[in-house]
Amino acid sequence: MLSNPSYTRPQAAELLERLREPRRFIQIVTGARQVGKTTLVNQVAERAGLPHRYASADEPTLRGPGWIAQQWDIARIEADRAGAGGALLILDEVRKASGWAESVKRLWDEDTLAGRELRVVLSESAQLPMGRGLTESLAGRFEVVHLPHWSYREMRSVFGWSLHEYLFHGAYPGSAPLVKQPDRWSRYIRDSLIETVISRDVLLRSRVDKPVLLRRLFELACDYSGRILSYTKMLGQLQEAGNTTTLAHYLDLLSAAGMVTGLQKYSGGTVRRRGSSPKLQVFNTALMAALSPLTLEQAVEDRTFWGRLVESAVGAHLVNAAAAGRCEVYYWRGRNREVDFVVRAGGRLTAIEVKSGRASATLPGMLAFTRMFNPDRTLLVGDDGVSVEDFLSVPVEYWVGP
């Protein structure tokens, strides 16, 4: 159970401050499934002291635009009753309502012209919210609050987890009560998280001509997290009909859902999106552990698997920061030398090497990278460098900022 049920994530303060300002923007809360978006917006609603209405579009069948108008009209009644203080409308998983952006724009603009103090919070299960509906319909009308996967510091603070527990069980707070029952925990991650995200957040909302290929690509990305793999080799591993363009597109969909991503090679200039073999990386190490046959105790004894978990946990810490817009994350390889992560933030370049204990087919490339790109900082994580626990205990900006 939650050791602190009233815990609020740091982003709650940011959202609450915005809602207490005069009505200016629609607030959009984004993040992967099960990172606490619904809990956070409801906590903030209670603390804002405004009459509020909560409604969710998270249904197996997509809601129509009429549903948004119905919820909006109810909230308008609350706002008119409240007078100058106004009211708050929360629409959870709003993108699952067809035509949502156009409906929200029309209703928001009507309230703006009428001078109605109705504040609006929309939530969305995605890492990056800048979709077509936002850029074309809601331009200039919204701000974003992004919720990343839970950090090690949060899981340690709320659940008392050790570093080993975090590396293996990852960062889904809803799974925490089940970790003492390994089979049940694994089923929860696979059924309630992985299957739900793929079937409802990806397949239901995007055109996917080869759903079996997408599912197998996800499993491959978890199995190969921390490794560089060309799209051609992926096709060979998957043994499915397809092409590299399709794989790259499916990897983008899985990345937007906060599951797995493909880091691009750092080149010092403009990075071509398809110009290099991606380095596969999970957003949450629970996805790797749940798909493996190992328990925590067995994983610790498996040097290769544990090394992959360590490196992937460091990578997950970085890509979650990147999803929130705090930095850009790449890898680098030259000949037979490699730098695990290259981070660009605020004009500064940081090269990060992870000593995880896992044997690598490539040699450390920090010296070669430094000679070629002259980074502002080089960082060793693990062994005789910064400990993995210290690295994961503070925000990424601490390591890559000035």
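Going highest first, how would you order 284-291, 300-307 by mean Cβ packing within 10 Å?
284-291, 300-307
If r is the Cβ-Cβ distance from residue 46 to residue 24 and R0 is 22 Å, what FRET efficiency results, to the nearest 0.05? Provide the component values of the computation, followed by the final result.
Numbers: r = 22 Å, r/R0 = 0.99.
E(calc), rounded to 0.05, equals 0.50.
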Spelling it out for residue 281: with amide H atoms placed in the peptide plane at 1.01 Å from N, the residues 5 or more places away or on another chain with amide H under 5 Å from its amide H are 226, 261, 263
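Just the number, please: percent antiparallel of the DSSP beta bridges in segment 11-146, rounded to the nearest 5.
So the antiparallel bridges in segment 11-146 amount to around 5 percent.
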Under 25 °C and 0.890 mPa s, how fast does segment 132-260 diffuse according to Stokes-Einstein, given a Kirkwood radius computed over C-alpha pairs? Answer in µm²/s, whole number. 145
R0 of 51 Å, Cβ-Cβ distance residue 164-residue 70: FRET efficiency to nearest 0.05: 0.55
If I model a spin label as a point 7 Å beyond the Cα along the Cα-Cβ vector, how far apart are those points for residue 204 and residue 219 in nm? 2.3
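Relative to the Cα centre, what is the charge dipole magnitude of the chain, using +1 at the beta carbon of each Lys and Arg, -1 at the beta carbon of each Asp and Glu, and rounding to the nearest 20 debye? Walk me through the numbers before you get to the answer.
Details: 51 positive and 44 negative charges, 184 e Å.
Using Cβ point charges on Lys, Arg, Asp and Glu, the chain gives about 880 debye.
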Which residues' amide hydrogens lie under 5 Å from the amide hydrogen of residue 327, considering only partners 5 or more residues apart or on another chain, with H built in the peptide plane? 322
Relative to the longest principal Cα axis of the chain, at what angle does helix 303-323 sit, 0 to 90 degrees, rounded to 10? 40
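Averaged over all directions, how much area does the convex hull of the C-alpha atoms of segment 11-146 cover when projected, in nm²?
Computing the convex hull of the Cα atoms and averaging its projections yields 7.3 nm².
Of the DSSP beta bridges with both residues in the chain, give the percent that are antiparallel, rounding to the nearest 5.
35
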Placing +1 on each Lys and Arg Cβ and -1 on each Asp and Glu Cβ in the chain, then taking the dipole about the Cα centre, the residue among 249, 386, 77 whose Cα reaches farthest towards the positive end is 249
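Of the listed pairs 180/279; 210/265; 37/105; 96/180; 210/233, which have alpha-carbon separations greater than 29 Å here? Intermediate values should be presented prior to the final figure.
Numbers: 180/279 32 Å; 210/265 27 Å; 37/105 22 Å; 96/180 35 Å; 210/233 18 Å.
Cα-Cα > 29 Å for 180/279; 96/180; rest within.
Report, in cubic angstrom per residue, the convex hull volume of the C-alpha atoms of segment 226-343.
Details: hull volume 14.4 nm³, N = 118.
Considering the Cα atoms of segment 226-343, their hull volume per residue is 122 Å³.
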Between 201, 109, 384, which gets the highest mean-square fluctuation from a Gaussian network model of the chain, Cα cutoff 10 Å? 384
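Taking all pairs of distinct Cα atoms, average 1/r, flip it, and tell me the Kirkwood hydrodynamic radius of the chain in Å to one decimal place. Each step should come with its number before you reach the end.
Numbers: mean 1/r = 0.0448 Å⁻¹.
Hydrodynamic radius (Kirkwood, Cα only) of the chain equals 22.3 Å.
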Potential lengthening between residue 58 and residue 212 on full extension [0.36 nm per residue; Cα-Cα distance subtracted]: 53.1 nm
How far is the Cα center of segment 288-308 from the Cα center of segment 329-402, in Å? 24
Calculate, in nm to one decimal, what residue 232 and residue 376 gain on full extension: separation in residues at 0.36 nm each, minus their alpha carbon distance. 48.4 nm
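Bear in mind these aren't lab numbers, they're just calculated from the coordinates by the rules spelled out. What you see is a predicted model; the values in this text were computed from it and never measured. Don't worry about glycine lacking a Cβ; one is built from the backbone with ideal geometry, like all the others, and counts go over all protein chains shown.
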